[in-house]
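Participant: One structure, pasted below without further comment.
No value in this document is a laboratory result; all are computed from the given coordinates. Given the structure is predicted, the values throughout are model-derived calculations rather than measurements. FYI the Cβ positions are ideal-geometry reconstructions off the backbone, even for glycines, and counts take in every protein chain you see.
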Amino acid sequence: MINYGITGYGLNSLGHKNELQRHPLLRGRTKLIVGFDPNPEAQQNLKKIDNIKIAESFEDLLDTANLDAVIICSPPQFHAQQAIVALEAGLHVYSEIPMCLKEKNIENIIAAEQNPGRKYQLGENYCFIPEVLYSGHLASSGKIGPTVYAESEYLHDVSYRWKEGNYGDPNTPRIDAWYQLFDPLMYAHSIGPAQVALGGINTPEPFMEVISYANNIGGYERDPICSPAKAFHVGLFRTERGAIAKCANAYVFAREPTRMMIQVVGRTGTYECYEFGKPGRLFLAKDHIITKSRHRKGRSKIINADALNEVVSSVEGLYYGGQARIIDDWLTAIEKDQQPKFHSQIGANFCISGIAASKSARSGGKPQKIKIYT
């Protein structure tokens, strides 16, 4: 039984707690023994949980007897320092995205994870969505040949997060939100999946250069709400071997439902899914033969849920089962003393790509080199 604590008790924390208690992959493996959130309303919600300690501070949480691990769900500006302190205290860490907001903190997290036996997992659960896992399988198995291009989008209108009561119009009072602290690609959800699509879930392919642009055109009267962060952000990334990825994220974008998609192109095939949870399409070419209709010879297949399940075992739950999968990977790493999929160096490759994309966009599209941590 792994005794864990939660810092930051909002919707994400509630989702973690419920899945750890009830999900068939996870239940019976953990016990929540302490929680911390400085918000009085969150504290009242924590008090509704039986037999847990309500910490007075994050340091008080870390001092809890028999604590093994911490799930960090606090606002992003606290992720880095809380992860570093928890790892240095000898605890395992699961951190929500982003890993950190400043490049200088990346090396500190990597160094802190080097404490013997400590397991850090960056919670990029979108990489564990079935369609992304399937893309990674095609890449790592060579079924579509060496990968050439990946495309990933997370176009999410989060305007409601700046509104009193989470709904309203431009005249509804606005509240501060942590989204204001960084540009959309730094929030990830497209970078990680693109790296997995190019290299596979076990060896996501890191980026080494980016050209990026951002704008506020989609905002109300060009008001992005999230200023100084931008409303829409797209980056064109390159890997060391020359593969290319296009990633796009949005905070204010007139689309319902949210657009979340993945595409991977290989030398001998392609897979596209333009909406998670809906059928995608796989095309496998036959060499470089062209038919009389002037198309590449090959065969196409609709990849529905049944076809996905042949490669990616079906898992119910939050984010198409992605949340349970990534938590299961972290718990298994703790139980078996092995590395989780998204340990600090893999997480660093996701995080630094978003930071570099932000620098490029704010410089008007000047190319930025990206450090590779693995």
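Participant: Based on Cβ point charges of +1 for Lys and Arg and -1 for Asp and Glu, what charge dipole magnitude is obtained for the chain about its Cα centre, in debye rounded to the nearest 20?
Facilitator: That gives a dipole near 1620 debye.
Participant: Still on this structure: Which of Y4, Y373 comes first, and how do the rest follow, when ranked by fewest Cβ neighbours within 10 Å?
Facilitator: So the ranking, lowest neighbour count to highest, is Y373, Y4.
Participant: Using only the alpha-carbon atoms, how far is helix 130-141 inclined from the longest principal axis of the chain? Give it as 0 to 90 degrees, nearest 10.
Facilitator: So the helix axis and the longest Cα principal axis differ by about 60 degrees.
Participant: Could I have the simple spin-label model distance between T172 and Q339, label points 7 Å from Cα toward Cβ, reported in nm to one decimal?
Facilitator: Going by the 7 Å Cα→Cβ label model, 4.5 nm.
Participant: Could you pull out every residue, at least 5 positions away or on a different chain, whose amide H is within less than 5 Å of the one on V93? Hs are placed 1.01 Å off N in the peptide plane, and Pro or chain starts have none.
Facilitator: Answer set, sorted by chain and number: V70, K119, Y120, Q121.
Participant: Using label points projected 7 Å from each Cα along Cα→Cβ, tell me how many nm separate A305 and K369, to one decimal.
Facilitator: Taking the simple label geometry, A305 and K369 are separated by 4.9 nm.
Participant: Would you mind getting me the FRET efficiency between E240 and Q44? Use the beta-carbon distance for r and R0 = 41 Å, nearest 0.05.
Facilitator: FRET efficiency, E240 to Q44: 0.20.
Participant: Order the peptides 49-58, 292-301 from the highest to the lowest mean number of other Cβ atoms within 10 Å of their residues.
Facilitator: Those peptides, ordered most packed to least, come out 49-58, 292-301.
Participant: Now for a different question. Using a 7 Å offset from the Cα along the Cα-to-Cβ direction at both S57 and Y149, what is the distance between the two label points in nm, to one decimal?
Facilitator: Reported label-point gap for S57 and Y149 is 5.4 nm.
Participant: For Rg/Rh (Cα atoms, Kirkwood Rh), one of [x] 0.98; [y] 1.01; [z] 0.94 was computed from the structure I shared and the rest are decoys. Which label?
Facilitator: [x]
Participant: Taking the mean number of other Cβ atoms within 10 Å as a proxy for protection, how do you rank 197-210, 66-79 from highest to lowest?
Facilitator: Final packing ranking: 197-210, 66-79.
Participant: Quick one: angle between helix 11-22 and the longest Cα principal axis of the chain, in degrees between 0 and 90, rounded to 10, please.
Facilitator: 90
Participant: A follow-up question, please. Please work out the C-alpha center-to-center distance from segment 70-128 to segment 33-47 and express it in whole Å.
Facilitator: 21
Participant: Once phi is turned into ³J(HN,Hα) by the Karplus curve 6.51 cos²θ - 1.76 cosθ + 1.60 with θ = phi - 60°, what whole-Hz value does each residue of segment 69-86 show in order, with x for glycine and proline?
Facilitator: With coefficients 6.51, -1.76 and 1.60, one gets 8, 10, 9, 9, 10, 6, x, x, 5, 9, 4, 4, 5, 5, 5, 4, 5, 5 Hz.
Participant: Follow-up question, since we're still on this one. With a 10 Å cut-off between alpha carbons and a GNM built on the chain, which of M186, M99, M260 moves the most?
Facilitator: In this elastic network of the chain, the residue with the biggest mean-square fluctuation among M186, M99, M260 is M260.
Participant: Would you pull out the residues with amide H under 5 Å of T30's amide H, same chain only if 5 or more places away, H placed 1.01 Å from N?
Facilitator: When sequence neighbours closer than 5 places are left aside, the close amide H contacts are I2.
Participant: Ordered by residue, what ³J(HN,Hα) values in Hz, to whole numbers, does segment 52-60 give under the Karplus form 6.51 cos²θ - 1.76 cosθ + 1.60, where θ = phi - 60° and Gly and Pro are x?
Facilitator: 10, 8, 9, 6, 7, 7, 5, 5, 5
Participant: Moving to a separate point now. Can you pick out the pairs among K47/K119; K102/K371; K230/K366; K53/K336; K301/K341; K31/K53 whose Cα atoms lie more than 19 Å from each other?
Facilitator: From the list (K47/K119; K102/K371; K230/K366; K53/K336; K301/K341; K31/K53), the Cα-Cα distance tops 19 Å for K47/K119; K53/K336; K301/K341.
Participant: Please report S363, S344 as a ranked list, fewest other C-beta atoms within 10 angstrom at the top and most at the bottom.
Facilitator: S363, S344
Participant: By DSSP, what percent of the beta bridges with both residues in segment 2-124 are antiparallel, rounded to the nearest 5?
Facilitator: 0
Participant: For the chain, what is the calculated [θ] at 222 nm in deg cm²/dmol (nearest 500), taking -39500 (n - 2.57) for each run of four or more DSSP H residues and dividing by its residue count?
Facilitator: Per the formula, -8500 deg cm²/dmol.
Participant: Indicate, rounded to the nearest 5 percent, the antiparallel portion of the DSSP beta bridges found entirely in segment 53-201.
Facilitator: 10
Participant: As a footprinting exposure proxy, order V148, V252, V264 by other Cβ within 10 Å, with the fewest listed first.
Facilitator: Going from least to most buried by this count: V148, V252, V264.
Participant: Counting DSSP beta bridges in the chain, what percent are antiparallel, to the nearest 5?
Facilitator: Around 60 percent of the beta bridges assigned by DSSP in the chain are antiparallel ones.
Participant: Something else: Between 0 and 90 degrees, rounded to the nearest ten: what's the tilt of helix 322-336 against the longest Cα principal axis of the chain?
Facilitator: 60
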